[in-house]
Amino acid sequence: MAATMCIAAPLPQTLGVDRIVVGRGSGRRVWERMPRHSIDIAIDGGIATTLGKPWLRRIVAETLRREDVRQRCEVGLLLTTGKEVRRLNRRYRGQDKETDVLSFSLAEGALAEGEGAPVNLGQVVVSYPRAVRQAAVYGHSVEREVAFLTVHGVLHLLGYDHQTPADEQRMFGRQDAVLEALGITRE
């Protein structure tokens with residue numbers, strides 16, 4: 001496992017169609033159903049949080065939607081303790097320290113390979129205690145910080161990185177777009 005630190009509107013499933021064309025002539029719009037992704041959310045029992053799994057799932061789903069991921073995929077998100085993140089960071093990255101988010105990519109370019117069975121993109125692991133501390137430092141809500149770290153981790157699974165200034169600008173611009181679409185601000 002490698003670790004990295006860190007459209008069209010969906011159609012209701014009941015319609016039973018993959019696309020709808022609205023209008024006539026050159027002003028027609030086409031809506032296509034986005035695939036149903038499998039998003040597994042786990043919250044460590046040692047975490048005291050009011051953040052719910054549906055809210056976290058919505059953040060992952062919106063990131064995939066904004067990135068126009070049309071192939072069905074699987075993504076895991078774990079909200080856990082700093083101790084667990086440190087253990088994973090030491091085991092998989094050789095760094096014996098806590099960090100805010102880890103992304104374990106399992107797909108490495110698999111989305112580009114074509115349609116078929118769902119692609120397991122990997123898992124994002126967020127340190128909830130670290131998110132709480134960072135939210136206080138940055139002067140915004142814990143919800144905003146967890147959302148930021150979740151989007152950041154999913155973008156890493158999709159191949160984004162921030163090793164160069166140009167890559168960082170591109171990745172952080174995508175993060176801001178997803179958070180804005182969700183109505184999550186720095187206040």
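Just so it is clear, none of the values below were taken in a lab; they were calculated from the coordinates. Since the structure is predicted, the reported quantities are computational estimates derived from the model, not experimental observations. Virtual Cβ from ideal backbone geometry, glycine too; neighbours counted across all protein chains shown.
Nearest 5 percent is fine: what portion of the DSSP beta bridges confined to the range 57-175 is antiparallel? Counting DSSP beta bridges with both partners in the range 57-175, the antiparallel share is about 40 percent.
Start at zero, step by 10 Å, and the Cα-Cα distances of the range 69-187 spread as 14, 39, 38, 10, 0 percent across the bins. Per-residue extension of 0.36 nm, minus the Cα-Cα distance of residue 169 and residue 106, leaves a gain of 20.2 nm for this segment. With a simple spin-label model that places each label point 7 Å from the Cα along the Cα-to-Cβ direction, the separation between residue 48 and residue 161 comes to 4.0 nm. The order of the peptides 129-142, 79-92 by mean Cβ neighbours within 10 Å, most packed first, is 79-92, 129-142. Shown is the FRET efficiency for residue 92 and residue 185, computed with R0 = 25 Å from the Cβ-Cβ distance and rounded to the nearest 0.05: 0.15. Judged by the mean number of other Cβ atoms found within 10 Å, the most tightly packed of the peptides 40-50, 96-106 leads the ranking 96-106, 40-50. Taking Lys and Arg as +1 and Asp and Glu as -1, the other residues whose beta-carbon sits under 13 Å from that of residue 55 total +2.
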